[in-house]
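Everything on this sheet refers to the single structure shown next.
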Amino acid sequence: MMNTKLLALLAATLFATGCASNKMIDAPEQELITPPTDQAQIIFLRSSFVGSAIQSVIYDATDGGTEFIGILSNDKMLSYTVDPGKHLFMVVSEAADFMEANLVGGKTYYAIVTPRIGAWRARFSMSPVRNGGAGEFQYDSSDFRNWIADAEFSQNTPESYAWAKENHASVQGKRAEYWEVWQQKSAADLAERTMNPDDGI
């Protein structure tokens, strides 16, 4: 009988293999626009070459859900429009991680998806870009301007939606497991990873 560690490795490998090739397509017709006052827009951006062989998958996890947003590769962006108010977003790879958000209508927000070391492969986290104030990522930084200049929008395909459907049970399990981890973070850690109303532009 396979031990628990071997089973975990197999599950992680299967998850990685299913998402190793990019199932998204470029969306050159997409452009940044000002959302209407009854909607908020969030742009998920990934730029680091670390963990570039591994895809990160973005979900809207508000109210306990796992609504698939898209698969995010290096130097790509995903645009997502939601109602104003409080939301929870999730990034999934080997593990799951979260970012809380409180969004205002008529504004656009940016979240940077960054890799970190995992047990078997890269894991990912999400952080808000700050419109001033304390925070790792800032709109007025040269790094952010360069990332935006180099990144292209991606959009879903039948293949990406099929992948999401096939991996739904696995994603649900990761959400449940790592949401418990998220809730044990300190107030300072949660504040650092929460997108605030005035982070919009």
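The values are calculated or read from the model by the stated rules, or taken from the named source; none is laboratory data. None of these values were measured; they are calculated from a predicted model. Counting neighbours? That spans all protein chains shown, and the Cβs are built from the backbone with ideal geometry, glycine included.
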> In this structure, is G70 out of contact with any Pro (no Cβ under 6 Å at 6 or more places or on another chain) and surrounded by fewer than 18 Cβ atoms within 10 Å (Cβ to Cβ)?
Replying inline: no
> Going through region 122-138 one residue at a time, which ones are within 24 Å of Q30 (Cβ to Cβ) and part of a loop (DSSP other than H, G, I, E, B)?
Replying inline: N131
>> Looking only at residues that are modelled with pLDDT of 75 or more and either in contact with a His (Cβ under 7 Å, 6 or more places away or on another chain) or among the aromatic types (F, W, Y) (or both) in region 1-59, which one is nearest to Q172 (Cα to Cα)?
In response: Y59
> Quick one: which of T81, T114 is under 13 Å from the mean Cα position of the chain (by Cα) and either buried (at least 19 other Cβ atoms within 10 Å of the Cβ) or within 25 Å of Y161 (Cβ to Cβ) (or both)?
Replying inline: T114
> Would you pick out the residues in region 139-178 that are of a type in the set (S, T, Y), part of a helix (DSSP H, G or I) and surrounded by 13 or more Cβ atoms within 10 Å (Cβ to Cβ)?
Replying inline: S160, Y161, S170, Y178
